[in-house]
Amino acid sequence: MTDIDAHSDPLHQLTPLQASDEPYDEQTLADLREDAAEVIARYPQKRSALLPLLHLIQSVDGFVTGRGVRFCAEQLDLSEAEVSGVATFYTQYKRHPNGDYTVGVCTNTLCAVMGGDLIWETVSQHLGVEHDETTPDGKITLERIECNAACDFAPVVMANWEFFDNQTPESTVRLVDDLRAGRDVRPTRGPGRVCTFKQVSRVLAGFPDGLADEGVGAGAASLEGLRLAKEAGVDTSSDASAAEASQGDTERSVAADDAATPATPPVTGSTDTPANAPDADPQPQSHTPAKEDEQS
Ligand code: FES
């Protein structure tokens, strides 16, 4: 495969359909086809495999290339326009060469007021790049990101979607400097290292690297409510929670029945459209579907 010179062109001039039209070499294409077949076999409809296949393309090309769009279209019997429509909708699909590490600074409300805005300004200035731009050495793509459901550790920074909690401008500058220099960095939670963008993209395509359950998942701040509940003698067992939820459902159901008017027709049967029917000859499912990653 010919390497894409990710940084000889001004940023943002490459789009999926303009970039890298050169065909894949034989070996790369054979590997892609083999991986794609494995992914497609997990779904009753081929087209459902589009999201993981786009990640697969990024694991090879580093972004969604024109040839990657074509490959997905061919594999899934879609048009290139349909593939591009999806690839340009989600922010995790990159439309120009991505750095080895996507560093995301959460500037959503809570992180912003806790210091995220200052982190953003400091790191952006330090790296000399703005949102969705990549450093000239191809190492870091900087992004403003929305809430990552880690508000209890605000302000939060992510490197290739690994958490760095309770950050400061200084700690984040240190993080990006270490990543650029190839030094080991250790996320606050999860695995003990940060994988590259291409490696992570392969995981998102549905090929686990075995790191998903490494390290601490929920930190002390996330568990504080549970600790307080236990301290107060509340039954926090899953049986108790399920019973409580079930009770709530019953009450809501009775209330809804009471409120229904006789003119309301009962809903019967499936609301599926023919478009939701499985492909005529679905492949046997041999794998657990990949966890979808989209934040949108
Ligand atoms: S606002 Fe930053 S993680 Fe929620």
Any residue in the range 193-212 that's part of a loop (DSSP other than H, G, I, E, B): show its pairings with residues that are surrounded by fewer than 16 Cβ atoms within 10 Å (Cβ to Cβ) and at pLDDT below 95 at Cβ separation under 6 Å, as long as the two are six or more apart or on different chains.
none
Given the criterion in a helix (DSSP H, G or I), β-branched (Val, Ile, Thr), at pLDDT 95 or above and under 22 Å from the mean Cα position of the chain (by Cα), identify the matching residue among Val123, Val113, Val83, Val105.
Val83
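From Leu142, Leu78, grab the single residue that is outside any helix (DSSP H, G or I), in the same structural domain as Val176 (by TED's automatic domain parsing) and over 30 Å from Gly225 (Cα atoms).
Details: Leu78 fails: in the same structural domain as Val176 (by TED's automatic domain parsing).
Checking each option against the conditions leaves just Leu142.
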Thr141: passes all of (1) at positive phi; (2) touching a Phe, Trp or Tyr at 6+ places or on another chain (Cβ under 8 Å) but (1)
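Tell me yes or no: at least one residue of the range 162-174 is of a type outside the set (Asp, Glu), free of Cβ contacts under 8 Å to residues at least 40 places away in the same chain, assigned to a loop (DSSP other than H, G, I, E, B) and buried (at least 20 other Cβ atoms within 10 Å of the Cβ).
Here is the first cut: in the range 162-174, the ones of a type outside the set (Asp, Glu) are 163-164, 166-169, 171-174.
With the extra rule that they be free of Cβ contacts under 8 Å to residues at least 40 places away in the same chain, the set shrinks to 163-164, 166, 171, 174.
When the remaining residues are screened for being assigned to a loop (DSSP other than H, G, I, E, B), the result is 166.
Remaining after also requiring buried (at least 20 other Cβ atoms within 10 Å of the Cβ): none.
No, every residue in the range 162-174 fails to be of a type outside the set (Asp, Glu), free of Cβ contacts under 8 Å to residues at least 40 places away in the same chain, assigned to a loop (DSSP other than H, G, I, E, B) and buried (at least 20 other Cβ atoms within 10 Å of the Cβ).
Does Cys147 count as within 11 Å of the ligand (Cβ to nearest atom) and part of a loop (DSSP other than H, G, I, E, B)?
Values: within 11 Å of the ligand (Cβ to nearest atom): yes; part of a loop (DSSP other than H, G, I, E, B): yes.
Considered against the rule, which asks whether it is within 11 Å of the ligand (Cβ to nearest atom) and part of a loop (DSSP other than H, G, I, E, B), Cys147 comes out as yes.
Any chance the range 157-175 includes a residue that's aliphatic (A, V, I, L, M), within 14 Å of the ligand (Cβ to nearest atom) and over 28 Å from Leu50 (Cβ atoms)?
First, the residues of the range 157-175 that are aliphatic (A, V, I, L, M): 157-159, 173, 175.
Subsequent filtering for residues that are within 14 Å of the ligand (Cβ to nearest atom) retains 157-158.
Filter again for over 28 Å from Leu50 (Cβ atoms), leaving 157.
Yes.
Return the only residue of Val203, Val254 being surrounded by 10 or more Cβ atoms within 10 Å (Cβ to Cβ), modelled with pLDDT under 55 and not assigned by TED's automatic domain parsing to the domain that holds Thr141.
On the way: Val203 fails: modelled with pLDDT under 55.
The conditions single out Val254.
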Quick one: Asp100 ticks every box in (1) surrounded by fewer than 24 Cβ atoms within 10 Å (Cβ to Cβ); (2) out of contact with any Phe, Trp or Tyr (no Cβ under 7 Å at 6 or more places or on another chain); (3) over 27 Å from Ile40 (Cβ atoms) bar one, so which box is it?
(2)
Note on the range 109-133: residues within 16 Å of the ligand (Cβ to nearest atom) and surrounded by 17 or more Cβ atoms within 10 Å (Cβ to Cβ) are Cys111, Ala112, Met114, Gly115, Gly116, Ile119, Trp120, Val123
Checking the condition charged (D, E, K, R) and part of a helix (DSSP H, G or I), which residue from Arg95, Arg67, Arg42 passes?
Arg67
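The values are calculated or read from the model by the stated rules, or taken from the named source; none is laboratory data. Note that the coordinates shown come from a computational prediction; the quantities given were computed from them, not determined experimentally. Reconstructed Cβ throughout: ideal geometry from the backbone, glycine too, with neighbour counts over all protein chains shown.
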